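Working notes, beginning with the structure itself.
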Amino acid sequence: MILTVGNTKGGTGKSTIAVNLAIHRAQTHKVMLVDGDEQKSALSFTDLRGAKNDYTAVALTGLSLRQQVPNIAKLYDEVIIDVGGRDSGSLRAALTISDLLVIPIAPRTFDVWALEEMVLLFDEAQGFNEKLQGVVVLNLAEVQGKDNEAAKQAILEYQELTLLDTVIMRRKVYAESISKGLGVMEMKPRNVKAIAEFEHLVEEIYRRNSQ
């Protein structure tokens, strides 16, 4: 399976989701994490993990990403691609070879508006890659207020994509774990709420792909 975590809008938490997915899935699968973002956030995080790392990571962009990942995928159970932050050749390349696109969206007006551009790219990619499916996860959500529900309603207008039930809340533990080179599941003391919501996200993503 080739899974891309991407968005043309920056600041939606895609790298945090991508590296946590890689750590979680590497517990039971052979995983390759591909950093297709020019900022190389996922690769820098992997370097920080050092000897405790349990997945393989590589940086690939543009044409190299499109050409090499399908061959890499034959050697691994799963490939997770972290790419985006803008409409780039790397994002477009990832969409042409992926089985599933996971789009993190924060419940903010600009983020929801930016989803229209992502939907256009998704529709275009499906013309070359019929197997591509797309899901949206509400990320960096607020504990209080009406923004979460308003964002959900706006996302549901895009019938090309499926809004996942899981909501990832804005929690300090996500930033703290990244700074330590750890997944949210590895942090001590354990943040039960963060772990539960992320495990639910993983289960929902991979259950959908198996259908």
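The values are calculated or read from the model by the stated rules, or taken from the named source; none is laboratory data. Note that this is a predicted model, so its numbers are computed, not measured. Cβ: placed from backbone, ideal geometry, glycine included. Neighbour counts: every protein chain shown. When the accessible area is computed, the model is the full protein with side chains, heavy atoms only, and any ligands, DNA or RNA have been set aside. Shrake-Rupley method; radii C 1.70, N 1.55, O 1.52, S 1.80 Å.
For the reader, a short list of remarks on this structure follows.
- Rounded accessible area of LYS52 (nearest 10 Å², 1.4 Å probe): 90 Å²
- Surface accessible to a 1.4 Å probe, ARG66 within the full protein complex, Å²: 110 Å²
- Anchor LYS193: lysines whose Cα lies under 18 Å away (excluding residues fewer than 8 positions away in-chain): LYS172
- Across every direction, the projection of the convex hull enclosing the Cα atoms of segment 148-211 has a mean area of 5.5 nm².
- Segment 72-104-segment 144-211 distance, computed between alpha-carbon centres (Å): 19 Å
- Here the contact order of segment 106-154, divided by its residue count and restricted to Cα pairs under 8 Å and six or more residues apart, works out to 58 percent.
- Kirkwood hydrodynamic radius over Cα pairs of segment 2-130, then Stokes diffusion coefficient at 4 °C and 1.567 mPa s, in µm²/s: 89 µm²/s
- Taking Cα centre as origin and charging only the Cβ of basic (Lys, Arg, +1) and acidic (Asp, Glu, -1) residues, the dipole magnitude of the chain rounds to 720 debye.
- Overall, segment 51-119 carries a charge dipole of about 200 debye about its Cα centre when +1 sits on the Cβ of Lys and Arg and -1 on the Cβ of Asp and Glu, all other atoms neutral.
- Residue-normalised accessible area of segment 1-75, given per residue in Å² at a 1.4 Å probe: 42 Å²
- Under-5 Å amide H pairs with GLY134, H placed in peptide plane, nonlocal only: LEU101, THR162
- Only Lys, Arg (+1) and Asp, Glu (-1) charged, at Cβ; segment 129-175 dipole about Cα centre in debye: 320 debye
- For segment 84-89, Karplus couplings with θ = phi - 60° (6.51, -1.76, 1.60), whole Hz, Gly/Pro x: x, x, 6, 6, 10, x
- Charge-dipole axis of the chain as Lys and Arg at +1 and Asp and Glu at -1 on Cβ define it, positive-most pick from PHE198, GLY134, GLY11: PHE198
- The relative contact order of the chain, computed from alpha carbon pairs under 8 Å that lie at least 6 residues apart in sequence, is 23 percent.
- Rounded to whole Hz, the Karplus (6.51, -1.76, 1.60) HN-Hα couplings of segment 51-57, x for glycine and proline: 5, 7, 5, 10, 10, 9, 10
- Anchor LYS40: aspartates and glutamates whose Cα lies under 14 Å away (excluding residues fewer than 8 positions away in-chain): ASP82
- Here the Debye sum runs over all C-alpha atoms of segment 90-179 as equal scatterers in vacuum, and log10 of I(q)/I(0) at q = 0.13, 0.22 Å⁻¹ comes out as -0.47, -1.06.
- Solvent exposure, largest accessible area first (probe 1.4 Å, DNA, RNA and ligands not counted), of GLU124, GLU130: GLU130, GLU124
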